[in-house]
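One structure is given here, and the rest of the page talks about it.
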Protein chains: 4
Amino acid sequence: MTSTVPGPLPAMARGRRTKSALVQAGRQLFEEHGFSTVGIDAIAHGAGVSHGTFYTWFDSKEALLREIVTGVAKEIFTATSIGTRLPPDASYARIEAANRSFLRAVTRHSRILRVLDSQADVREDFRGLRLEIRESFVRCGMEGLIRMQELGLADPMLPPRATASALGAMVESFAHLWQDPVEGLDEAEAVDVLTRLWAGAIGLAPQAWPGGDRAAAATEALHE
Amino acid sequence: MTSTVPGPLPAMARGRRTKSALVQAGRQLFEEHGFSTVGIDAIAHGAGVSHGTFYTWFDSKEALLREIVTGVAKEIFTATSIGTRLPPDASYARIEAANRSFLRAVTRHSRILRVLDSQADVREDFRGLRLEIRESFVRCGMEGLIRMQELGLADPMLPPRATASALGAMVESFAHLWQDPVEGLDEAEAVDVLTRLWAGAIGLAPQAWPGGDRAAAATEALHE
Amino acid sequence: MTSTVPGPLPAMARGRRTKSALVQAGRQLFEEHGFSTVGIDAIAHGAGVSHGTFYTWFDSKEALLREIVTGVAKEIFTATSIGTRLPPDASYARIEAANRSFLRAVTRHSRILRVLDSQADVREDFRGLRLEIRESFVRCGMEGLIRMQELGLADPMLPPRATASALGAMVESFAHLWQDPVEGLDEAEAVDVLTRLWAGAIGLAPQAWPGGDRAAAATEALHE
Amino acid sequence: MTSTVPGPLPAMARGRRTKSALVQAGRQLFEEHGFSTVGIDAIAHGAGVSHGTFYTWFDSKEALLREIVTGVAKEIFTATSIGTRLPPDASYARIEAANRSFLRAVTRHSRILRVLDSQADVREDFRGLRLEIRESFVRCGMEGLIRMQELGLADPMLPPRATASALGAMVESFAHLWQDPVEGLDEAEAVDVLTRLWAGAIGLAPQAWPGGDRAAAATEALHE
DNA sequence: TATGAATGAGCTTTCATTCAT
DNA sequence: TATGAATGAAAGCTCATTCAT
C-alpha cells in the first residue's frame, strides 16, 4: 500500500525505520550496560546510522529513554487493567489474574525498568513516570482490597493504600529478582505462590479461596 | 586523654578526619544527586579539602562508594541478626522484631541503597554487595519459615526461599516507598501492618498470633 | 578540477587537512620542546583546531608521534636504498652516495629522530621502529663491506656487522652533531670527510679510491 | 674514627646515607624506566624513605639527575685523560688506550647517559653537561690527530675537529649499541675493531701500525 | 632530619551537542 | 534526512612541591 504512494512517503518510511532502529538499539544497549555508560555513538552505531543522525530524531539521550519507557508504561497500564475483567465476586481469581499479568509485564521489561529507576532518582520527569507505573498496579490492588473488606472477605484492620503498596512492591520486586536463575519456579508456580501470599496477607476469608480454604486451594493448585 | 597517645597519632588523626569528611560529603552528595552526577570536585569541596586530597584517601569515586556502602552493609547485617535473640517459639514476635529492625535499617539508609542499586546494574563488584545485603534478611526469613513449617505453624506448601525473597522484598520496598510522605503511617504502624501481612501470607497458625488469632492480634495492636 | 570529484570528498578533504595540520603542528612542537613537554592543547592550538578535534584523528599523543615517525622512516628507507643504483665496481662512489643520501635524510629529520630516541628508551613499539631505521643503513653498509672484502678491496679482518654498525653510527651521529653550528662544513665537505673516514676505516684498496690512492682522492676532491 | 665522635655526627652520617640512597634509587629507576616516567614517590620508596624526605636533599627531580650525571661525568673525564699517559710517539697504542678507556666508561654508564640525552634535548643546563662529556673525548682525539698530522703520520686533508667528532661519536654510539647482545664481541675485540677503524680512517701511516702495516697489525692482534 | 597529608596546576580523555555540507 | 568533522565543557586523575608536625 504505502509502496504505491509516490514521493515523500518512502522517505518518511525510511525516517520511521531510522527512528525505531534508534529506539531498539537504545533499549538494548541501556538494558545491557546502563544509561550513563552508553554513549550516543554506540546507539547510532547500533542502529546503523551515523552519529549526527541521532539528533535528527531525538533532542537528547534522555528524550530517547523517555520514548522507550513511555511505550513500556503503556503496556504495563494495559496489563494492570486486566484483572477487572473477571466478575467482582471471584476474589481469589481476580488477585491471581492481576498478579499474573503484572508479573508478566514487569518481567518482560525488567531491565529497562531498572534503568528507569536509576534515572528516576536523579531526574524529576522520570520520577513521575515511575510512580505512575507503580500507581496503576497499586490502585488496582487497593480497590480490590477495599471491596473485599466491605464484603467482609478481608482483614478490615489493614490500611488499604499501604497494604496495596507493600503487596504491589512484593510482586514487582519478585519479578526483578526472578530474572536471576536463583529461584527455580516457572511462571505458573510463581503466580501461585505470590497469589497465596497475597491472599493470606490480606486475610482472605476461607470461602474465597478456591476449594473453600487455604489447604484446599493448595490441593487444587497441585492438580492444575 | 588523646594527648597521652604517643607519636604518629596526631597526624593520623588529621588523616582520619579528612577521610571521614570525604565519606560523609560523598554520601550526602550521592544521596542528593546520584552517583554519576557528582564529581570528585564537589565531594572534595564538600569535605573542605582540595580535589587532589581525595586521591590521597581513595583510588576512585567507586572506591569511595564501596567504602560507604560497606559500612552500611555492616549495619544492616547487624540489624538482620537481631530477630534471633528472641525465644524460638515466639513466632509472631520474631517476625515482628526482624521486620522492625530491618525496616529501620533500610529506612535509615534508603537513599544510599538506591545509589548502590543503580551501580549494581553496571558494576560486578557492587552487584555482589547488593545481593549479600538482601540475602542476609532473606535467609533470616527463610530459616524462620522452615522452622515454622516444621512445627506445623506455617503453610507447608510454600517454597521457603521464594517466599522469603518475596516477603523480604516487600519489606525492603516498603521502606523505600515509605520515604515519600505518601503513606501516613508511623514506624509502629508500618511494622504492625508489615508483620500482619507477613504472618498472614505464610498462613501463620491462629495460636501463634498474639491473642490467639488474627482478630485478637488486631485488638492487641490497637491497645499497644 | 577538484569540483569534478563527486560526493564525500570535500568533507574528507577538510578532514585530511585537519589531520595533516595536526601532524605538522605536532612535529614542530615535539622538535622544539620535546615529547612529554608538549600537551594536546598546544598541538591542537598549533593546528588551529580545538583540542577535542585532536581525538577525532588520533587516539593519543603516542599515536600522533607514531604517524610522524612512520612517515620519516619511509623517507629514510628510501634514502638508504639509493646507493645501490650505482655500478657495483664503483666502491668509493657507492660509499659516497650512500653517505650523502643518509646524511641528508638524517639531517633533515634530526630533531624528530631525537624525540623518537627518547621515547624508544621507554616504549617498546618505538624501540622497534628506531632499530629498523638504523638497520636499513647498517645492512646497506654491511653488504657493501662484504662484497668489497670478497673482491679483496677491504680489510678482511673486519667483522662486517660490527664494522657497519660503528660506521653507520658515525654518520648518523655526525648528522645530529652537525645541526649545531659547531663544525663549519657544508654538505659536500661533510660527505667528503665522512666518506674518506669510512673508506680509510675499512682499508679500501688504493685502486678503489678516486685517482688511484688516498692522496689523489684528496686532490680530486679539492678540484670538484 | 667517625664512630668515636659524639653528638651531631651520627645524624649527619644518617643524612649522607639517605642522600646516597636517593641517588642510587634514582639512578636505577631512571635507567630502567626513563626520567619523566619515574615519580618522586617511586624514588623515595626505592630509597626506603618517605615522600617528603626527598625534598630535604634535592630541590627537584632535575637536581637529582644533575647530581647523578655530574658524578658520571667526572668518571668519564678521568677516563678520557688516560690516553695521554703513553709516550707521544706510540700513536696506535695511544688511540687504542683512549678507545678502551672511553668505551669502558661509556658502556658502564650507557643507560644513564641516554637519560641525560633525552633531557639535554629539552633543558639547557643538561645540554651543556652533555656537550662537555663529549667534548672531553673529542678534544683528546683532535689533539692526537693534529699531532699525527704534524708528524706526517695522518691524512693532512682531514679537518681535525670534524674528524674527531665523527670518530668520537662512532666509539660512543658503538658503546650504546653494544649493550644489546647484537654484536658478539668481547671488550678486547671491540677495542681492536674500533681502533683499526679509527687508525684506518685517519690514514695512519704504515709505520705507526703495530708490526709495520695494517696486515701485520692484524696478525699481531690475533696472537695477542 | 624525617614525615606524610595537603595542595592545585595541569594532564589526557570523553562525549553530548552543533552545524556546514 | 543523513553525515561526520568540529566543538569545548567537564570529567577523572597525576604528581611535583609545600609545610605543619
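The values are calculated or read from the model by the stated rules, or taken from the named source; none is laboratory data. A quick note: this is a predicted structure, and the numbers were derived from the prediction, not measured. So basically every Cβ, Gly included, is an ideal-geometry build from the backbone, and we count neighbours across all protein chains shown. Remember, those area values only see protein heavy atoms, side chains included, never the ligands or the DNA or RNA. Shrake-Rupley method; radii C 1.70, N 1.55, O 1.52, S 1.80 Å.
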- Message: One residue is enough: does the stretch C:15-28 have a residue meeting the conditions under 22 Å from D:THR37 (Cβ atoms), of a type in the set (A, V, I, L, M) and in contact with a Phe, Trp or Tyr (Cβ under 8 Å, 6 or more places away or on another chain)?
- Response: no
- Filter result (of a type outside the set (Val, Ile, Thr) and more than 15 Å from DNA strand F (Cβ to nearest atom)) within the stretch A:35-57: A:PHE35
- May I ask you to list the residues in the stretch D:36-52 that are modelled with pLDDT under 95 and under 23 Å from C:ALA120 (Cβ atoms)? D:SER36, D:THR37
- Message: Being of a type in the set (A, V, I, L, M) and modelled with pLDDT under 95 is true for just one of C:LEU167, C:LEU185. Which residue is that?
- Response: C:LEU185
- Within the stretch B:72-94, is there a residue that is free of Cβ contacts under 8 Å to residues at least 60 places away in the same chain, open to solvent by 70 Å² or more (accessible area, probe 1.4 Å) and more than 30 Å from B:PRO210 (Cβ to Cβ)? yes
- Search the stretch C:77-102 for residues being of a type in the set (Gly, Ala, Ser) and out of contact with any Cys (no Cβ under 8 Å at 6 or more places or on another chain), and hand back the single one that is modelled with the lowest pLDDT. C:ALA90
- Search the stretch D:95-110 for residues being surrounded by 21 or more Cβ atoms within 10 Å (Cβ to Cβ) and either of a type in the set (A, V, I, L, M, F, W, C) or within 16 Å of DNA strand E (Cβ to nearest atom) (or both), and hand back the single one that is farthest from the other protein chains (Cβ to nearest Cβ). D:ALA105
- Note on the structure: In the set D:ARG130, D:ARG85, D:ARG139, D:ARG123, the lone residue that is in the same structural domain as D:GLY211 (by TED's automatic domain parsing) and within 16 Å of DNA strand F (Cβ to nearest atom) is D:ARG123
- Task: Please enumerate the residues belonging to the stretch C:116-126 that are in a helix (DSSP H, G or I) and either surrounded by 16 or more Cβ atoms within 10 Å (Cβ to Cβ) or touching a residue at least 12 places away in the same chain (Cβ under 8 Å) (or both).
- Result: C:LEU116, C:ASP117, C:SER118, C:GLN119, C:ALA120, C:ASP125, C:PHE126
- Task: Please go through the stretch D:150-162 and pick out each residue that is touching a residue at least 24 places away in the same chain (Cβ under 8 Å) and at the interface with another protein chain (Cβ under 7 Å from one of its Cβ atoms).
- Result: D:ASP155, D:LEU158
- Message: Among the residues of the stretch A:69-76, are any assigned by TED's automatic domain parsing to the domain that holds A:ALA154 and either within 12 Å of DNA strand E (Cβ to nearest atom) or closer than 19 Å to A:ALA166 by Cα (or both)?
- Response: yes
- Message: Suppose the filter is in a loop (DSSP other than H, G, I, E, B), modelled with pLDDT of 95 or more and over 14 Å from the mean Cα position of the chain (by Cα); does A:GLY203 pass it?
- Response: yes
- Residue check, A:LEU145 against (1) more than 10 Å from chain B (Cβ to nearest Cβ); (2) surrounded by 23 or more Cβ atoms within 10 Å (Cβ to Cβ); (3) touching an Asp or Glu at 6+ places or on another chain (Cβ under 7 Å), all met but one. Which one? (3)
- With (1) modelled with pLDDT under 95; (2) hydroxyl-bearing (Ser, Thr, Tyr); (3) closer than 22 Å to B:ALA42 by Cα as the list, and B:TYR55 as the residue in question, which single condition is left unmet? (1)
- Task: Taking A:SER165 as the residue in question, decide whether it is hydroxyl-bearing (Ser, Thr, Tyr), assigned to a helix (DSSP H, G or I) and either surrounded by fewer than 16 Cβ atoms within 10 Å (Cβ to Cβ) or touching a residue at least 12 places away in the same chain (Cβ under 8 Å) (or both).
- Result: yes
- Any chance you could count how many residues in the stretch D:193-203 are closer than 17 Å to C:ALA215 by Cα, more than 7 Å from every other protein chain (Cβ to nearest Cβ) and open to solvent by 10 Å² or more (accessible area, probe 1.4 Å)? 0
- Task: State the number of residues belonging to the stretch D:34-61 that are part of a helix (DSSP H, G or I) and open to solvent by 80 Å² or more (accessible area, probe 1.4 Å).
- Result: 6
- Note on the structure: Considering the stretch C:181-192, residues that are within 11 Å of chain D (Cβ to nearest Cβ) and assigned to a helix (DSSP H, G or I), and then whichever is surrounded by the fewest Cβ atoms within 10 Å (Cβ to Cβ), we arrive at C:GLU189
- Where D:GLY34 falls short, out of the listed (1) within 14 Å of DNA strand E (Cβ to nearest atom); (2) touching an Asp or Glu at 6+ places or on another chain (Cβ under 7 Å): (1)
- Message: Suppose we filter A:GLU132, A:GLU172 for residues that are assigned to a helix (DSSP H, G or I), surrounded by fewer than 17 Cβ atoms within 10 Å (Cβ to Cβ) and not polar (S, T, N, Q); which single one remains?
- Response: A:GLU132
- Note on the structure: Every listed condition ((1) touching a Leu at 6+ places or on another chain (Cβ under 8 Å); (2) in contact (Cβ under 8 Å) with a residue 24 or more places away in the chain; (3) within 12 Å of chain D (Cβ to nearest Cβ)) holds for C:VAL138 save (1)
